[in-house]
Amino acid sequence: MNLNELNKVAEAMVAPGRGILAADESTATLKKRFDAIGVDSTPIARRDYREMLFRSTEPMSKFISGVILYDETIRQNAKDGTPLVKVIAQCGALPGIKVDKGTYPLPFAPGEVVTEGLDGLRERLVEYRNLGAKFAKWRAVIDIGPGIPSYGCVYANAHALARYAALCQDEDIVPIVEPEVLMDGDHTIERCAVVTELALKTVFEQLFYQRVPLEGMVLKPNMIVPGKKSSKTASVEEVAEKTVRILKACVPAAVPGIAFLSGGQSDQEATAHLDAINKMGPLPWRVTFSYGRALQAAPQKTWSGKAENVAAAQRAFGHRARMNGLAALGKWKADLERKAA
Ligand code: 13P
């Protein structure tokens, strides 16, 4: 392991004013997204869609530090034959790869899942590194509901995350460690805070036991928000205040950066929350975005599978990337959204 090099990559992933584009939807998930815009999900359509994003040269080179790819995409070439990995690298962004194999039901734990994919992971990491991946992602999922999560579920997921992170570093790939507490339920913001604190404390304990040097990783957590079906909403300030409090209590300052997932927040909510969190600085780590839906929803809809919409879709992507780039600096303002509209 070359920790110096890992640290350099981790720092680059959270460089000021830049964040990560999560474009690692599985084929099944992207099919669902394509169904919603009436696009047939073929390998070529998936390639065209992602090429549209990666060839948004201006936002990619100004606001995007790295792109998380799916196994299919890291092997695909652009229409003109250039590997998509090269298209990304030409913009100065780092290619990354999702390496987990998704979630499976956890035995004897109704409603709970564990992320799998440790078997053969070292060999896959070597292959991905040879294909150009500089970092990887593994997503653990913790659901909140009546009686859940159990500690057994939190522990099993944290242990797998730590095993994954150690393997990545041993193969000179920076791990994104993603323990996602879902916002799907009807729980309060306070419950989200309690569960997220347990998840993060457990993850950092397991990272310590697996001897993962924190300087060579990036944390991808959820923000502290009420469940989507909760009757009580929270202000932007409350989300920022609670999120910063929990992160400060759980995340050692040795971690170079925190890149949030959007988790089902609206585009503008995800931006406003990130901005408010950064406005509470100085913080011990760089804090930015690693958004999937909150970066792609607008360009996806604009594109809708038509070549003639590519330029407009790239503008929509550029706008969201710029807004989130500003939020990563705590320099976003709501009227910048209205001006663009
Ligand atoms: P969302 O921002 O859509 O939550 O996706 C980010 C991600 O990579 C989830 O693993």
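Computed from the coordinates by the stated procedures, all read-outs in this text should not be read as laboratory data. From a predicted model like this one, the values you see are computed outputs, not experimental measurements. Note that we place each Cβ from the backbone using ideal geometry, even for glycine, and neighbour counts take in every protein chain shown.
Counted as qualifying within the range 73-127 are the strands (runs of 3 or more DSSP E) with 3 or more residues that are under 20 Å from the mean Cα position of the chain (by Cα), surrounded by 14 or more Cβ atoms within 10 Å (Cβ to Cβ) and not aromatic (Phe, Trp, Tyr), namely 94-98, 113-115.
Set side by side, the residues Gln300, Gln296, Gln314 differ, and just one is of a type in the set (S, T, N, Q), closer than 15 Å to Phe54 by Cβ, out of contact with any strand residue (DSSP E or B) (no Cβ under 6 Å at 6 or more places or on another chain) and away from the ligand (no atom under 15 Å from the Cβ), which is Gln314. Pairing each residue of the range 259-270 that is closer than 22 Å to Ala12 by Cα with any residue that is crowded, with 23+ Cβ neighbours inside 10 Å and among the acidic types (Asp, Glu), provided the two are 6+ apart or on different chains, yields C-beta distances under 7 Å for Leu261/Glu178. Within the range 137-155, the residues that satisfy the criterion of being of a type outside the set (Ser, Thr, Tyr) and over 24 Å from Ser290 (Cα atoms) are Gly145, Pro146, Gly147, Ile148, Pro149, Gly152, Cys153.
Please verify whether the range 261-272 includes one or more residues that are exposed (fewer than 15 other Cβ atoms within 10 Å of the Cβ) and in contact with a Leu (Cβ under 8 Å, 6 or more places away or on another chain). Looking for residues that are exposed (fewer than 15 other Cβ atoms within 10 Å of the Cβ) and in contact with a Leu (Cβ under 8 Å, 6 or more places away or on another chain), one finds none in the range 261-272, hence no. The set of residues in the range 177-186 that are away from the ligand (no atom under 11 Å from the Cβ) and farther than 15 Å from Lys242 by Cα comprises Val177, Asp184, Gly185, Asp186. Do the conditions hold for Ala307, that is, is it within 24 Å of Pro16 (Cα to Cα) and away from the ligand (no atom under 16 Å from the Cβ)? No; evaluated as a whole, the condition is false for this residue.
Taking the conditions exactly as written (within 16 Å of the ligand (Cβ to nearest atom), in a loop (DSSP other than H, G, I, E, B), at negative phi and not aromatic (Phe, Trp, Tyr)), does Val225 satisfy them or not? Against the criterion (within 16 Å of the ligand (Cβ to nearest atom), in a loop (DSSP other than H, G, I, E, B), at negative phi and not aromatic (Phe, Trp, Tyr)), Val225 qualifies. Considering the range 233-245, the residues that are among the aliphatic types (A, V, I, L, M) and buried (at least 22 other Cβ atoms within 10 Å of the Cβ) include one that is nearest to the ligand (Cβ to nearest atom), namely Val239.
If you go through the range 119-137 and keep only what is out of contact with any Cys (no Cβ under 8 Å at 6 or more places or on another chain), among the hydrophobic types (A, V, I, L, M, F, W, C) and more than 16 Å from the ligand (Cβ to nearest atom), you end up with Leu121, Val126, Leu131. Count of the range 120-155 residues, restricted to those that are acidic (Asp, Glu) and farther than 23 Å from Leu69 by Cα, is 1.
Yes/no matrix, rows are residues, columns are (1) among the acidic types (Asp, Glu); (2) free of Cβ contacts under 8 Å to residues at least 40 places away in the same chain; (3) touching a Leu at 6+ places or on another chain (Cβ under 8 Å):
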| residue | (1), (2), (3) |
| --- | --- |
| Glu11 | yes, no, no |
| Ile37 | no, no, no |
| Ala89 | no, no, no |
| Thr103 | no, yes, no |
| Glu116 | yes, no, no |
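Taking the range 20-58, which residues are in a loop (DSSP other than H, G, I, E, B), within 20 Å of Arg139 (Cα to Cα) and of a type in the set (S, T, N, Q)? Passing the criteria: only Ser26.
Answer yes or no: is there a residue in the range 191-199 that is of a type in the set (Asp, Glu) and under 21 Å from Pro95 (Cβ atoms).
No, the range 191-199 contains no residue that is of a type in the set (Asp, Glu) and under 21 Å from Pro95 (Cβ atoms).
Tell me, which residue of the range 43-72 that is of a type in the set (S, T, N, Q) and more than 16 Å from the ligand (Cβ to nearest atom) is surrounded by the most Cβ atoms within 10 Å (Cβ to Cβ)?
Applying the first criterion (of a type in the set (S, T, N, Q)) to the range 43-72 yields 56-57, 61, 65.
This time we only want the ones that are more than 16 Å from the ligand (Cβ to nearest atom), so: 56-57, 61.
Numbers: Ser56: 24, Thr57: 14, Ser61: 13.
My answer is Ser56.
Results for (1) over 25 Å from Asn4 (Cβ atoms); (2) away from the ligand (no atom under 12 Å from the Cβ); (3) within 11 Å of the chain's Cα centre (by Cα), shown as yes or no for each residue.
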site: Ala254; (1), (2), (3): no, yes, no
site: Gly257; (1), (2), (3): no, yes, no
site: Gln265; (1), (2), (3): yes, no, no
site: Glu269; (1), (2), (3): yes, no, no
site: Asn278; (1), (2), (3): yes, yes, no
site: Gly292; (1), (2), (3): yes, no, yes
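Looking for something over 22 Å from Gly305 (Cβ atoms), surrounded by 14 or more Cβ atoms within 10 Å (Cβ to Cβ) and free of Cβ contacts under 8 Å to residues at least 40 places away in the same chain - is there at least one such residue anywhere in the range 17-32? No, that holds for no residue.
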